[in-house]
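Here is the structure we will look at, set down as structure tokens.
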Amino acid sequence: MIMNNLKAKDYISSLKPIWCPGCGDYGVLNAIAMAFEELSIPPEKIAVISGIGCSSRLPGYLNTYGFNSIHGRALPIACGLKIARDDLTVIAVGGDGDGFSIGGGHLSHAIRRNVDISYFIMDNQIYGLTKGQASPTTPFGDVTSTTSYGNIDTPIWPISFTLGYGATFVAQSTPLDIKHLATMMVEAIKHPGFAFVNIISPCVTYRGKEMYQYIRDRMYYIDKEEGYDPKDLQAAWRFANDRERIPLGVFYKKEADTYRDRIDRVKEKLGSKKMDIEMEKLAFVPDTGGLGEKDVFIPG
Amino acid sequence: MASDVKIGLVGSGGDGVVAAGDIIVHAMASCGLYAMMMKSFGPQIRGGESSARIRLSSEKVYSLGDGLDTLVVMNWGDYLKFAGELELNDNAILIVDEKDNTRPDDSLKLQKVASIVEVPITSLAESSKNPKGKNMVVLGILAGMFGLSEGALVSAIQKRFAHKGEGVVSTNVTSFNAGFKYAKSNIPPSHLSLQASHIGKRLVITGNEAIALGALAAGCRFYSGYPITPASEIMEWLGEKLPLYDGVMVQAEDEIAAICMTIGASYGGVRAMTATSGPGLSLMMESIGLASMAEIPCVIVDVQRGGPSTGIPTKSEQADLMQAVYGMHGDAPHAVIAVDDVETCFEVMADAFEIAERYQMPVIALSDQFIGHRTEVIVDPDLGKLKRGERFIPQSGDTTSYKRFEDRENGVSPMSVPGMKGFDYICSGIEHDEFGSPSSSHVVHEKMCAKRARKLEHLRANFKPIQVYGSSRPKVALITWGSNSGVVREAVERLVSLGIDAGVAVPRLIYPLQTSLFEDFLKKAELLLVVENSYSGQFFRYLKSYIGMPDKAYSMRSSGAKIFMVKEVVSEVLKVLK
């Protein structure tokens with residue numbers, strides 16, 4: 001990594017966020033910048049890709065390349081970019097609705113390809129930008145503007161979801177502990193392969209200020225717990241299944257071939273290089289040798 | 001003496017009629033002939049009905065012509081499933097397997113057929129110890145009857161089966177010889193004569209392969225797609241070839257991911273493409289709008305099939321036109337271009353990438369099943385000339401004033417690529433100012449809409465002219481597009497030979513429409529006929545919204561699945577002329 005002596009604040013742009021005062025996403029923004037400082041990545045080598053939602057505005061607040069795309073599609077755009085440009089640090093960011101609802105179909109495929117990108121979900125359990133509708137992580141029974149009589153859908157549990165699909169890096173953190181969050185991000189970016197970090201980010205406007213207290217009362221660090229081993233999938237599942245409290249840390253981490261490794265192996269086998277395009281190798285060129293002009297070949 | 005020969009073959013999937021057709025085309029190409037072959041399938045995965053229609057000619061042909069001169073029927077049940085698509089000429093010869101005695105009655109238009117030749121196809125295959133070799137027997141019979149070069153056919157059979165080993169090759173050649181010998185001693189020879197001329201380097205290739213090869217030559221190095229009939233061959237071909245040229249093919253989880261990966265790769269500076277058919281294009285629409293708004297070059301090929309919904313996946317139609325032009329929400333500048341036949345696939349892919357890169361916008365290239373699955377013998381294209389059009393990338397230097405979406409005269413702004421120091425910007429689908437910062441101001445929106453729209457004006461004014469065949473300012477004007485171009489072009493040749501002042505205009509650039517060129521073409525027109533395969537006449541209505549038409553303007557249209565014949569277009573013109 002090239003040292004560039006940039007500080008966290010240098011990665012943050014002058015654009016004023018649209019987020020409400022007290023939004024957890026401010027902390028996420030600061031943590032990302034801290035992670036970039038820690039890793040000394042040149043800003044022009046970073047591309048942060050998002051979909052639509054409050055948290056998807058984040059790329060605009062960074063001094064890096066950014067792409068604020070359409071609802072649910074951060075992952076395929078990020079994957080396409082990374083597959084085409086392996087030299088870049090590519091990070092997808094967004095909310096729980098963007099990632100688990102409208103874009104939920106892409107997550108399993110990014111995981112099974114193990115594309116070397118990081119995916120940070122700011123999970124606030126609500127649709128904030130559209131003003132308070134239930135999201136795929138809204139707790140069962142909660143009243144929102146679209147669940148007048150209480151939410152009757154069982155919420156998605158992001159850690160189980162990604163572990164279940166075989167993600168090679170799964171972590172959880174919260175902006176209530178920015179240092180921990182930045183550390184998780186550093187680990188994720190350093191991880192070769194698809195790295196998922198679920199970030200419990202409070203929405204004070206639609207979940208109330210008490211969401212801070214709710215998180216604070218329940219959060220704990222799994223690396224301090226007995227039996228913690230990020231290489232042990234069974235241990236990871238034990239913490240993932242804790243739905244009473246909020247476990248923070250790296251649940252699981254596994255070395256595996258990235259999508260790029262797999263592509264490179266194929267190319268190596270083929271001897272791929274930038275060759276000239278020769279028709280004979282690409283299409284059927286009939287051999288008309290021996291035929292002259294006006295040869296009659298079908299007898300009348 | 002005929003200047004062309006039209007041969008049809010129909011049977012069940014296992015009969016190998018398409019393989020036989022392929023062998024005829026490859027063999028005749030090596031004899032210096034031009035050929036066109038249309039494959040048609042039922043919906044079954046294996047073993048359903050399939051047919052091949054081949055036209056052989058010493059000159060380049062633009063359509064499958066009219067009815068068939070010869071039709072090989074492996075069994076009548078399969079023939080009936082294609083009856084509407086396999087019209088016969090007067091005096092056509094039917095070659096049928098004598099084993100199948102379920103011949104339909106006269107109500108099926110078979111009365112005008114000159115002769116039905118019953119041949120023991122099945123038993124010849126069995127006696128040559130190759131029960132699966134009925135198609136080889138048929139090739140031998142055709143060679144014997146019509147004098148198709150025996151050597152060229154045997155050599156094409158050898159090439160086709162070489163990878164299966166010598167045993168398979170010799171078994172198939174034995175079956176071929178059995179048919180050939182039978183024909184020579186039992187069937188009177190037919191007098192067909194074709195002369196090869198202008199021997200030069202040729203290619204035998206399908207439309208989908210030509211699209212893929214054209215894209216590769218145009219510089220495409222990233223492809224992401226999702227399997228769909230009738231476009232999958234593009235993906236399969238690129239999946240095999242791209243890794244050889246330092247490129248990547250990614251099979252996406254759905255069409256939305258396919259177009260988004262394509263956009264992501266292009267944002268990273270790599271020429272990128274996806275291909276699909278109507279249902280996939282519907283899924284891609286929101287993302288194509290993103291590419292328009294965020295000004296990202298990308299190419300989307302739509303090999304149209306019968307629709308709507310699942311429709312008829314294995315057959316052709318031209319009814320995605322309105323979707324391609326108007327499918328996106330908002331005012332989303334993009335280009336739509338169309339291929340006319342297999343040969344134009346190369347140029348059209350070069351055009352597609354040139355427009356996409358130069359104007360930083362999505363380009364939808366429309367093909368259809370009729371072209372995609374059709375094999376043609378074509379003149380070898382100059383692949384070296386297909387990579388055209390550079391992206392406008394800012395030069396290193398002053399970065400403080402860099403405006404990614406700078407409001408310039410032709411609407412094209414400098415587009416940096418991640419990795420360029422100091423030129424970082426936010427690319428977004430949300431409305432933005434010249435720097436890329438989000439804005440919901442009416443003033444900014446109006447200005448940026450105008451900037452993006454100016455690209456279309458520039459493109460319209462600078463793109464190559466529409467193709468006109470026949471008279472350039474005709475009294476009897478025809479307009480068509482895509483796969484009907486060849487049919488109408490030949491119809492116009494016939495009308496001209498009848499002394500009618502006829503001409504046909506064919507746009508390559510469908511959107512934005514080159515309105516003034518059409519108006520010039522129609523200047524002296526007393527009558528206009530618009531020909532298309534869309535039940536509701538999408539192209540007619542589209543043209544009508546942009547150009548003034550003569551009082552006598554007619555729409556000749558039908559749904560897909562059945563392609564117009566040249567004589568149908570000729571008689572429609574003669575009918576409306578009365």
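Residues in the range A:221-231: is at least one touching a Leu at 6+ places or on another chain (Cβ under 7 Å), on the phi < 0 side of the Ramachandran plot, at pLDDT 95 or above and of a type in the set (Val, Ile, Thr)?
yes
For the structure I just gave you, tell me whether B:Val61 is touching a residue at least 24 places away in the same chain (Cβ under 8 Å), more than 14 Å from chain A (Cβ to nearest Cβ), crowded, with 17+ Cβ neighbours inside 10 Å and under 30 Å from B:Val488 (Cβ atoms).
So B:Val61 fits the description; yes.
Out of B:Leu139, B:Leu153, which single residue is under 19 Å from B:Thr171 (Cα atoms), within 14 Å of another protein chain (Cβ to nearest Cβ) and touching a residue at least 60 places away in the same chain (Cβ under 8 Å)?
Residue meeting the stated conditions: B:Leu153.
Which numbered condition in (1) in a helix (DSSP H, G or I); (2) within 14 Å of another protein chain (Cβ to nearest Cβ); (3) farther than 26 Å from B:Gly219 by Cβ is the only one that B:Gly289 fails?
Checking B:Gly289 against (1) in a helix (DSSP H, G or I); (2) within 14 Å of another protein chain (Cβ to nearest Cβ); (3) farther than 26 Å from B:Gly219 by Cβ, the one that fails is (3).
Which numbered condition trips up B:Thr174, out of (1) assigned to a helix (DSSP H, G or I); (2) touching a residue at least 12 places away in the same chain (Cβ under 8 Å); (3) within 9 Å of another protein chain (Cβ to nearest Cβ)?
Status for B:Thr174: all satisfied but (3).
A:Gly80: in a loop (DSSP other than H, G, I, E, B), closer than 20 Å to B:Ala258 by Cβ, out of contact with any Lys or Arg (no Cβ under 6 Å at 6 or more places or on another chain) and of a type in the set (Gly, Ala, Ser), yes or no?
no
Within the range A:63-78, can you find the residues that are more than 7 Å from every other protein chain (Cβ to nearest Cβ) and surrounded by fewer than 24 Cβ atoms within 10 Å (Cβ to Cβ)?
Residue satisfying the conditions is A:His71 alone.
Which of the residues belonging to the range B:506-521 are farther than 20 Å from B:Met322 by Cβ and buried (at least 21 other Cβ atoms within 10 Å of the Cβ)? Walk me through it before giving the result.
Initially, the range B:506-521 is screened for residues farther than 20 Å from B:Met322 by Cβ, giving B:516-517, B:519-521.
B:Phe521 - this is the single residue of the range B:506-521 that is farther than 20 Å from B:Met322 by Cβ and buried (at least 21 other Cβ atoms within 10 Å of the Cβ).
Looking at the range B:465-578, what strands (runs of 3 or more DSSP E) fall wholly within it and have at least 2 residues that are in contact (Cβ under 8 Å) with a residue 60 or more places away in the chain and farther than 28 Å from B:Thr229 by Cα?
Numbers: elements: B:467-470, B:476-480, B:502-506, B:509-511, B:527-532, B:553-557.
Where strands (runs of 3 or more DSSP E) fall fully within the range B:465-578 and carry at least 2 residues being in contact (Cβ under 8 Å) with a residue 60 or more places away in the chain and farther than 28 Å from B:Thr229 by Cα, they are B:476-480.
Quick one: in the range B:410-435, which of the residues that are among the aliphatic types (A, V, I, L, M) and assigned to a loop (DSSP other than H, G, I, E, B) is farthest from B:Ala461 (Cα to Cα)?
Top of the filtered list is B:Met420.
Can you find even one residue in the range B:345-355 that is in contact (Cβ under 8 Å) with a residue 12 or more places away in the chain, part of a loop (DSSP other than H, G, I, E, B) and away from chain A (no Cβ under 14 Å)?
no
Looking at the range B:269-280, can you tell me whether even one residue there is assigned to a helix (DSSP H, G or I) and touching a residue at least 60 places away in the same chain (Cβ under 8 Å)? If you could, list the steps in order and put the result at the bottom.
Within the range B:269-280, the subset assigned to a helix (DSSP H, G or I) is B:278-280.
When the remaining residues are screened for being touching a residue at least 60 places away in the same chain (Cβ under 8 Å), the result is none.
Scanning the range B:269-280 turns up no residue that is assigned to a helix (DSSP H, G or I) and touching a residue at least 60 places away in the same chain (Cβ under 8 Å).
Taking B:Gly422 as the residue in question, decide whether it is within 30 Å of A:Tyr61 (Cβ to Cβ) and surrounded by fewer than 19 Cβ atoms within 10 Å (Cβ to Cβ).
Considered against the rule, which asks whether it is within 30 Å of A:Tyr61 (Cβ to Cβ) and surrounded by fewer than 19 Cβ atoms within 10 Å (Cβ to Cβ), B:Gly422 comes out as yes.
Which pairs have Cβ atoms under 6 Å, sit 6 or more apart or on different chains, and link a residue in the range B:221-246 that is more than 8 Å from chain A (Cβ to nearest Cβ) and among the aromatic types (Phe, Trp, Tyr) to one that is buried (at least 20 other Cβ atoms within 10 Å of the Cβ) and in a helix (DSSP H, G or I)?
B:Tyr223/B:Leu238; B:Tyr226/B:Glu255; B:Tyr226/B:Ala258; B:Trp237/B:Glu209; B:Trp237/B:Ala212
So which residues in the range A:35-55 are assigned to a helix (DSSP H, G or I), without any contact (Cβ under 8 Å) to a residue 60 or more places away in the chain and more than 9 Å from chain B (Cβ to nearest Cβ)? Don't jump to the end; show me each part of the working.
First, pick out the residues of the range A:35-55 that are assigned to a helix (DSSP H, G or I): A:35-39, A:43-45, A:55.
Cutting the leftovers down to without any contact (Cβ under 8 Å) to a residue 60 or more places away in the chain gives us A:36-37, A:43-45.
Correct list: A:Phe36, A:Glu37.
List the strands (runs of 3 or more DSSP E) that sit entirely inside the range A:156-275 and contain at least 3 residues that are crowded, with 18+ Cβ neighbours inside 10 Å.
Working: elements: A:169-173, A:195-200, A:219-221, A:246-253.
The strands (runs of 3 or more DSSP E) meeting that bar are A:169-173, A:195-200, A:246-253.
Right, A:Pro139: in contact with a Ser or Thr (Cβ under 9 Å, 6 or more places away or on another chain), modelled with pLDDT of 95 or more, at negative phi and of a type outside the set (Gly, Ala, Ser) or not?
no
Answer yes or no: is there a residue in the range B:186-206 that is of a type in the set (D, E, K, R), touching a residue at least 40 places away in the same chain (Cβ under 8 Å) and part of a helix (DSSP H, G or I).
no
When residues of the range B:437-462 are filtered for being surrounded by 15 or more Cβ atoms within 10 Å (Cβ to Cβ), hydrophobic (A, V, I, L, M, F, W, C) and either within 14 Å of chain A (Cβ to nearest Cβ) or without any contact (Cβ under 8 Å) to a residue 60 or more places away in the chain (or both), how many remain?
Summing the residues that are surrounded by 15 or more Cβ atoms within 10 Å (Cβ to Cβ), hydrophobic (A, V, I, L, M, F, W, C) and either within 14 Å of chain A (Cβ to nearest Cβ) or without any contact (Cβ under 8 Å) to a residue 60 or more places away in the chain (or both) in the range B:437-462 gives 2.
Please indicate, with yes or no, whether at least one residue in the range A:14-30 is over 15 Å from the mean Cα position of the chain (by Cα), over 24 Å from B:Arg271 (Cβ atoms) and within 9 Å of another protein chain (Cβ to nearest Cβ).
yes
Quick check: is even one residue across the range A:79-91 closer than 23 Å to A:Ala182 by Cβ, buried (at least 24 other Cβ atoms within 10 Å of the Cβ), at the interface with chain B (Cβ under 10 Å from one of its Cβ atoms) and hydroxyl-bearing (Ser, Thr, Tyr)?
no
Does A:Leu270 count as touching a helix residue (DSSP H, G or I) at 6+ places or on another chain (Cβ under 8 Å), at pLDDT below 95 and among the hydrophobic types (A, V, I, L, M, F, W, C)?
So A:Leu270 fits the description; yes.
The values are calculated or read from the model by the stated rules, or taken from the named source; none is laboratory data. What you see is a predicted model, and the numbers here were worked out from it, not measured in a lab. Neighbour counts run over all protein chains shown; Cβ positions are idealised from the backbone, glycine included.
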